[in-house]
Structure formats: structure tokens, C-alpha cells
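Report on the following structure.
The values are calculated or read from the model by the stated rules, or taken from the named source; none is laboratory data. Note that this is a predicted model, so its numbers are computed, not measured. Methodologically, a virtual Cβ is constructed for each residue, glycine included, from the backbone with ideal geometry; neighbour enumeration extends over all protein chains shown. We work out accessible area using only protein heavy atoms, side chains counted, and drop any ligands, DNA or RNA first. Shrake-Rupley method; radii C 1.70, N 1.55, O 1.52, S 1.80 Å.
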Amino acid sequence: MDQLHREFSSLSERYLSTHSDLHIKAFIEVRKSLYSQYRNCIDGQSALWNHVCENQGFLPEDKFQQRNFFANWVKPALQKTKKLAVFFVDALRYELGHELVEELQTICGKKPKVLNMLAELPTITAVGMNALIPVVENSKLTPIYDKKRFITGFQGGQRQVKTPDEREKTLRDHAGVDTSWIRLEDFLSFSERKLKKFTSAELLVVTALDIDKMGESDALKYGLNYFEIGIARLKTAVMKLQESGYDEFIITADHGFLLGDESLESGKAAKLESVDRRYAFGTERNSENLVSVDAHQLNYDSAAHNGDNWFTFERSTHLLTNQSGTSFYHGGNTLQERLVPVISFSLTQAAYDSTGTFDLNIQKMPGVMGFHKISIHVKSNVQEMFSLPHVEVQLVSDQEGVVEIEIGDIVGAQRMGDVLTLPVDQTSELYFKLKGSRSKAQIILKATQKGTKLENSSYGEYFEVENNAVGFVQDDP
């Protein structure tokens, strides 16, 4: 249901940005009704979940605690492999993990399993990202608070762990192997020569910030499905890491998220102490709409603030603070925010699909509504009875990292972000834009499956590039 809501939200924004106003009024009424029904459902689910937490505890058993991720997942994996890649994906909630696995199936012998953890509370990046690092001691976490009494990280032994650099140093101390740390955007844009110093490490951590950063910048309002883009980029990184000798992979997240719409209410308890969108820290406040948990019940080892060590959450999916136009948010205690995937898989014995050589006939067509348009006809160069019915390719520019591709629509094929599944012996039509800091660029189709060879995969002519894109934010929290 969350997946359907997310997909509808994305398609809805795209529809509003590309269609005339002839049926907009009727469409908005239908959308409003659907959003209202979805909100009623997840509000009821949230109330039940908080009731369960009140009665059985907000902190799950050890194997589901995010703070034990290193001990439960990373350390055992390091003992059975020479090269391990771990992805920390900001805001990859549970249902997105399942969608990612569907995409990874084409490069894995079998579909990886999606297991889960519960994110630490509150479900914000400063908590979740730092809890994934081994900062737990005797089952306890020691939070670090700023002057406004918001958590900024945790104490990890003699070191405060709040920044990517501090996370890397702490992880290296506990891993016992050569460890590297790199952002996804750097990994995908760096040259092979520049990447060598990272990919030589036995443990490589890749931080992927696309989903959270694009969500917080309200990119959905621009009709940009950054969820699909983020998943496609993760798949590309896995394939690239395999080429560098990594055979074991673990993918997880710091927290999930909720998507806002016109059914979202704000200002439910704006006057609470140290209040953020979905939580507050201070005195205990339990009511019909609010639920509180003592920091000590979360096994947080922190100095008392006059006994005011309580986290307070909204029982529903709405906002405590006054904030309008929020289409992406988190910090509270719902399953959408707390349940995060743990995807662990090996590519050492992956059984790849039958592969072959494919010839691509790419033709440039007249642009439509600011989008470039091309047709792609795929022909298999093997006998028909052995030919695959489709081929999976990735659309990139010849200046990766500088010029990004935004796909508007595709006719006659399927896509996930910039990864296209093209039917063989048929013609597909693709609408796209190029955005970046160059005036012109070429496009290239790259095979995503091992053993697949593409002929005539680059198009010789140049396409105009827009330089006002909603870009990926480079700063790591």
C-alpha cells in the first residue's frame, strides 16, 4: 500500500506538470479522495503500532535493534569473505528495499531476501546513520545533544561520532580490516584510476544520500521520481563493485519516511519543548494524540535534564510543528519511519541470465515539450530460438557526473530510473532531458547484465543540455 501511494504521488505530480487543465479539477478531486483514504488507513495503523510499543516496549529484541547492525551483520560477513561492500542508504524504507531487490534479481542468481531492523528513535539521520556504526556499549547508546537538546550523534568510546569522518574512523577501529568510505555520487563519477585507492579495501562503505536529500528538497513537486533514480543508481554501483572484486554485499538504511499530501495536518503540538516535525524531547506528555517514552527505556545512557528525559511522538502520521507543503518527512514512531530493510547477498556464484550480442539502431526524432526524443530498435545477433525477449541497458551521458539524464517517458519498454528494459525485435521511443554544467552531450546505452554485449550503443550526434537541474545535494549529514 505504501508503495502504491508513493508511485501514485510521483505519477500525480508528473501528470499535473505535463497535462492541460481540461480535467485537472476532476483529477484533483479523485486524488484528494484517494489520499484521504490512505491517510485514514495509515493513521489507524500508526495508532495500533504505538499502542503495541506502549505495552511491549519501544525497543525490540537485540537482533532487530539498529545499534547491533555491525555485530549482527557486518562482523560475521567480514569473517567469510575477502571483500565486503556495505551500503548506508539514507531513507531507504522497507518497501523500497523490496523494490530494489526486484531490480537486483537480474544480476543475482536468485532474488535476495529482505530482512529488517527497527530504526532507533527518533527516526532522523543524526540518530540512524550513527547508530549503524559500532557505538553501542553494554547494549546502551550514549546520545550527544546540542544546545537545543536535539541528538547530533553518539559517544563511541573515546570519540564522539557525529560526522562521516568520525563514523569512518570508528568503523575502521572495530572492523579489523582495511576500510574505505565513499559517497555514491563520487563512486559513480570517479575514474577507475581514482577509485583504486577505495576499491582495494577489504571493507568498503558506500553512503547513498539521494532519496533523503531529494525528498527534503521537495523534488517530487518537479515531477522527478527520485526514488526510481536512487534505486537504479544503487544497482549500477553494485555491478561496478562486482567488477572491482567485491563478492558480498549488505544494504541497509538509517530510517524510513512518510509522504505528505493535502491530507497531512500540521501544528498538532507545536508548543512542546525541543520539538521537531515528528518528535519532541523534554517532559512526559501522554494523551489521546501523544505518546512518550523515557530515554532510559530505549537504553539511552544520558545525563538527566531535571528528570525530563522523555521523547514524545505523535500517535498518528501528522506533524507536531507548523509546516506547510511537506511532501517528505520522518522522525516519528510509525512502521513507515522505523522499519528499515537489511539486504544481504553474494555474487560469487550468481547464475546470470543467458546473454548474447545485441545490435541497437538509435534514431533521433523531433523533440516534444522540451524533451529530446529517440527511437531504439533492438536486434539480437543470435539465432531466434536462443534469443532473449528483452535486454536491460542503462542510459548515461558521455560526461557522467557532469551531465545527468532525466527520463520523462518511454513507450514500448519499461524503466526503473535510468535503467531500461528494451524488447528485442521491437522499437521503443524514449523522451529525456540532459541537465548539467555543459552545453551539449552525447548519450550512451550500457549493458547492465554480465556477458551482454551491445553494438552501436552510442549515438554520434550531440544533444542540448539544460543547466538548471534540481541536482543531487553533495553534502553528507
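Do you know which of the residues in region 390-421 that are within 22 Å of the chain's Cα centre (by Cα) and among the small types (G, A, S) is modelled with the highest pLDDT?
Result: G408.
Please pick out the residue among G157, G153 that is at positive phi and either modelled with pLDDT of 95 or more or surrounded by 15 or more Cβ atoms within 10 Å (Cβ to Cβ) (or both).
G153
Can you name every residue in region 89-119 that is of a type outside the set (V, I, T), part of a strand (DSSP E or B) and surrounded by 19 or more Cβ atoms within 10 Å (Cβ to Cβ)?
Scanning region 89-119 gives M117, L118.
Considering only region 392-451, give the strands (runs of 3 or more DSSP E) lying wholly within it that have at least 2 residues that are closer than 23 Å to D186 by Cβ. Steps first, answer last, please.
Values: elements: 403-411, 414-416, 419-423, 427-436, 443-447.
Of the strands (runs of 3 or more DSSP E) lying wholly inside region 392-451, those with at least 2 residues that are closer than 23 Å to D186 by Cβ span 403-411, 427-436, 443-447.
For A47, state whether it is of a type in the set (A, V, I, L, M, F, W, C), at positive phi and at pLDDT 95 or above.
no
Condition check: basic (K, R) and surrounded by fewer than 19 Cβ atoms within 10 Å (Cβ to Cβ). Does K235 satisfy that?
no
Just a yes or no: is a residue in region 202-211 open to solvent by less than 20 Å² (accessible area, probe 1.4 Å), touching a residue at least 40 places away in the same chain (Cβ under 8 Å) and over 21 Å from F249 (Cα atoms)?
If we filter region 202-211 for residues that are open to solvent by less than 20 Å² (accessible area, probe 1.4 Å), which is where we start, we get 203-211.
Among the residues that remain, those that are also touching a residue at least 40 places away in the same chain (Cβ under 8 Å) are: 203-211.
Narrowing the set further to residues that are over 21 Å from F249 (Cα atoms) leaves none.
No - not one qualifying residue is present in region 202-211.
Please enumerate the residues belonging to region 238-261 that are among the polar types (S, T, N, Q) and open to solvent by 10 Å² or more (accessible area, probe 1.4 Å).
Across region 238-261, the qualifying residues are Q242, S244.
Can you name every residue in region 130-150 that is touching a helix residue (DSSP H, G or I) at 6+ places or on another chain (Cβ under 7 Å) and either open to solvent by less than 30 Å² (accessible area, probe 1.4 Å) or at positive phi (or both)?
Start the filter on region 130-150 by keeping residues that are touching a helix residue (DSSP H, G or I) at 6+ places or on another chain (Cβ under 7 Å), which leaves 130-136, 141.
Of everything in region 130-150, those that are touching a helix residue (DSSP H, G or I) at 6+ places or on another chain (Cβ under 7 Å) and either open to solvent by less than 30 Å² (accessible area, probe 1.4 Å) or at positive phi (or both) turn out to be N130, A131, L132, I133, P134, V135, L141.
So, in region 387-414, how many residues would count as being open to solvent by 50 Å² or more (accessible area, probe 1.4 Å), touching a residue at least 12 places away in the same chain (Cβ under 8 Å) and under 26 Å from L16 (Cα atoms)?
Qualifying residue count for the region: 3.
Among the listed residues T123, T81, which satisfies the condition of being at pLDDT 95 or above and either part of a loop (DSSP other than H, G, I, E, B) or more than 25 Å from M214 (Cβ to Cβ) (or both)?
Matching residue, one of T123, T81: T123.
Just one of the numbered conditions (1) modelled with pLDDT of 95 or more; (2) of a type in the set (A, V, I, L, M); (3) part of a loop (DSSP other than H, G, I, E, B) is not true of V340; which one?
In the conditions (1) modelled with pLDDT of 95 or more; (2) of a type in the set (A, V, I, L, M); (3) part of a loop (DSSP other than H, G, I, E, B), V340 misses (3) alone.
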